[in-house]
1. Pairs to check: A:LYS62/A:LYS203; A:LYS21/A:LYS438; A:LYS405/A:LYS438; A:LYS22/A:LYS154. Give those whose C-alpha atoms are more than 24 Å from each other in this structure.
2. From other protein chains only, count the Cβ atoms within 10 Å of every residue's Cβ in B:33-44, then give the mean.
3. If you take the alpha carbon radius of gyration of segment A:22-313 and divide it by 2.2 N^0.38 Å, what ratio comes out, to two decimals?
4. Using Cβ counts within 10 Å as a stand-in for footprinting exposure, how do A:ASP502, A:ASP349 rank, fewest first?
5. Measure nothing fancy, just the Cα-based angle from helix B:30-40's long axis to the longest principal axis of chain B, in degrees from 0 to 90, nearest 10.
6. Which of A:PHE395, A:PHE458 comes first, and how do the rest follow, when ranked by fewest Cβ neighbours within 10 Å?
7. Based on other C-beta atoms within 10 Å, arrange A:VAL210, A:VAL171 from fewest to most.
8. Between A:CYS399 and A:GLN51, what is the spin-label point distance in nm, taking each point 7 Å from the Cα along the Cα→C-beta axis?
Amino acid sequence: MSAPTYDLGKLHGGLRLQAHKKISTSEAIRTVPLPDQLVLPITQHAGDPAQPVVAIGERVLKGQLIADTEGSLGAPIHASSSGKIVAIEPWPVSRRYGDNAPCIVIECDGEDRALEPAEAPPAFETLSADELLTKILRGGIVGLGGAVFPTAQKLMQAITCELDYLILNGVECEPYISCDDMLMREYALEIVSGARILMHALKLEVGYIVVESDKPVALQRLGEVLAELDDEHLVLKQVPTIYPSGGEDQLVQLITNREVPSGGLPTDVGCLVQNVGTAVAIHDWIVNEQPLLSRITTVTGDGVTQPMNVEARLGTTVADVVEFAGGYTAGASQLIIGGPMTGKSVTSDRVPVVKATNCILVLSEAPSQGPELPCIRCGDCAAVCPVQLLPQQLFWYACADDETKMRDYGLTDCIECGCCDLVCPSHIPLTSDFRTAKARIRELADEKARAERARLRFESRNERLDKEDQERAQELARQKKAARNAGPDAIAEILKRKQEQDEDR
Amino acid sequence: MWTAILTIAAIALIAGLALSYASQSLPSDSGKLVDQINELLPQTQCAQCGFPGCRPYAQAIVNDGVAINLCPPGGDDTIRKLAATLGKEVLPLAEQPVAGRAVAVIDETLCIGCTHCRNACPVDAIVGAHQLMHTIIEAECTGCELCIAPCPVDCITLRALS
């Protein structure tokens with residue numbers, strides 16, 4: 001069951017891009033030496049920021065919890081080496097929105113002393129699903145493919161659904177990035193172990209490990225490992241090299257021919273997708289009690305002297321990593337965290353390597369594309385859109401700020417892959433326009449929800465005031481009636497009492 | 001020929017009777033229109049239109065034909081939507097629109113606990129008891145400014161939210 005199989009579903013659109021991956025895969029993964037200082041942002045995952053549980057001046061050990069989850073969605077953060085907490089302060093980070101974020105800064109003591117494990121961890125087969133999930137939550141593990149969604153919460157959602165397949169995503173379709181490729185070559189055993197833990201936790205019978213056809217070495221290595229284990233539940237699948245087949249929904253479509261519904265999740269069609277790097281992190285935590293402290297990242301591009309894949313402690317600055325890779329070349333001009341299609345351009349190399357950092361891309365000056373021209377409605381963008389949207393229509397409505405139409409045409413399903421940008425003959429930056437439009441839609445939805453709440457409060461207040469008025473009128477009527485019923489003697493007595501009171505004053 | 005004329009006349013008579021019956025005895029849908037108009041208004045309940053809240057303004061628009069350009073928080077956007085729904089002409093705003101979202105803030109060191117602002121708030125966004133400090137629930141405040149005038153010690157200000 002270990003030979004790559006080819007029975008695949010259909011993916012709409014997509015592009016064959018120049019890979020630029022060979023430049024960084026010629027050497028084995030190298031480890032970046034421990035820096036003097038580690039900078040750990042408290043938001044390294046989707047959801048709420050983690051809350052620091054250490055004080056400035058405190059000594060911490062490698063693997064010690066330094067920020068814990070607060071709120072319903074999040075992941076804890078651990079010290080990636082031993083040392084002293086010197087600051088908790090805003091620091092430049094690479095995020096889509098905003099440039100500075102609170103970070104915990106550790107001054108390393110160079111000893112790299114680890115927290116003593118309490119006892120040998122139990123074999124995962126003996127743990128129940130609940131125990132495994134609770135444990136994964138404590139490991140600070142997030143989706144390492146780039147979306148950094150907390151893994152434990154993803155699994156907790158998945159366990160409530162009826163699932164058929166586990167899909168391990170080793171597609172890595174974006175140009176330049178090769179960290180998953182190298183990971184599959186060197187950590188194939190750990191990937192398989194992680195897959196088995198996941199399948200045990202979710203009681204799944206079938207697991208697919210999916211690799212793109214341009215990674216023959218990784219395919220061969222995984223094939224060997226699977227052949228040796230002879231596990232009939234795990235199947236290696238090879239998919240053609242088309243961007244963006246590594247997108248979660250696209251991969252499900254490709255492997256199972258099931259379409260993830262608009263606004264839905266892969267679990268709606270019985271699939272759970274995890275990145276291969278996440279599987280290794282799960283293995284490290286469950287089997288070796290090692291939380292997520294480092295990650296493999298590709299440092300590449302024509303602006304780096306010696307492109308390679310490195311294993312870097314979380315919190316190492318990009319400057320340190322680039323220096324380890326021989327430094328910048330003379331022509332280097334642009335620093336991107338992530339790939340060329342979905343990555344984020346940053347202005348400072350002081351940003352740290354975080355759980356999401358799968359690639360550090362340094363490019364020399366790109367040839368100018370020319371100015372943005374009017375849309376000629378050629379439809380090339382619709383042909384390549386992997387979600388089968390109509391980018392030219394969406395662009396039209398985004399310009400007009402027509403929220404209803406943008407929703408009708410499925411803007412919220414856009415995965416921001418950047419294919420439409422690339423094929424547009426008028427050089428319209430469609431993806432960035434859509435990103436802005438999505439933010440605008442969210443804003444409008446917020447406004448609407450607020451208005452609705454205000455309306456309800458206003459109406460219930462009016463109801464309450466009406467009720468109070470009525471009650472007062474009733475009380476008055478009751479008193480009047482009581483006085484009338486009491487007869488003239490009683491009234492005379494009341495008047496007398498009143499008079500006495502007035503005289504007393 | 002007479003058959004045809006009589007048939008047509010009979011159909012017209014029956015249809016006419018049915019329609020006049022329906023228009024008199026079935027409830028009119030002006031309530032539905034008020035809901036629809038109310039939905040387009042920003043629900044700040046600020047009374048800047050001269051009516052005590054958004055729903056009263058919506059009722060006045062539908063029932064009394066009041067102008068559609070009296071809502072400063074809604075701005076030109078709301079006027080455009082109202083015009084489209086009612087088939088009226090788009091008018092410029094009668095007053096200057098407010099910029100961005102703002103909330104009222106009570107200076108708690110000055111507050112004397114008179115409850116005047118609490119009673120003025122159209123959305124019950126102010127909490128506080130008699131002779132005790134009051135405060136504003138930021139998430140519920142619509143920035144309508146109705147609490148500012150009643151305050152005897154002028155301790156309420158409007159703060160813009162970024």
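Just so it is clear, none of the values below were taken in a lab; they were calculated from the coordinates. Here the structure is a predicted model, which means the values were calculated and not measured. Methodologically, a virtual Cβ is constructed for each residue, glycine included, from the backbone with ideal geometry; neighbour enumeration extends over all protein chains shown.
1. Result: A:LYS62/A:LYS203; A:LYS21/A:LYS438; A:LYS22/A:LYS154 exceed 24 Å.
2. Going residue by residue through B:33-44 and averaging, the value is 3.
3. 1.00
4. By the 10 Å Cβ count, ascending, the order reads A:ASP502, A:ASP349.
5. 40
6. With the fewest neighbours first, A:PHE395, A:PHE458 line up as A:PHE395, A:PHE458.
7. A:VAL210, A:VAL171
8. Between A:CYS399 and A:GLN51, the label points sit 4.9 nm apart.
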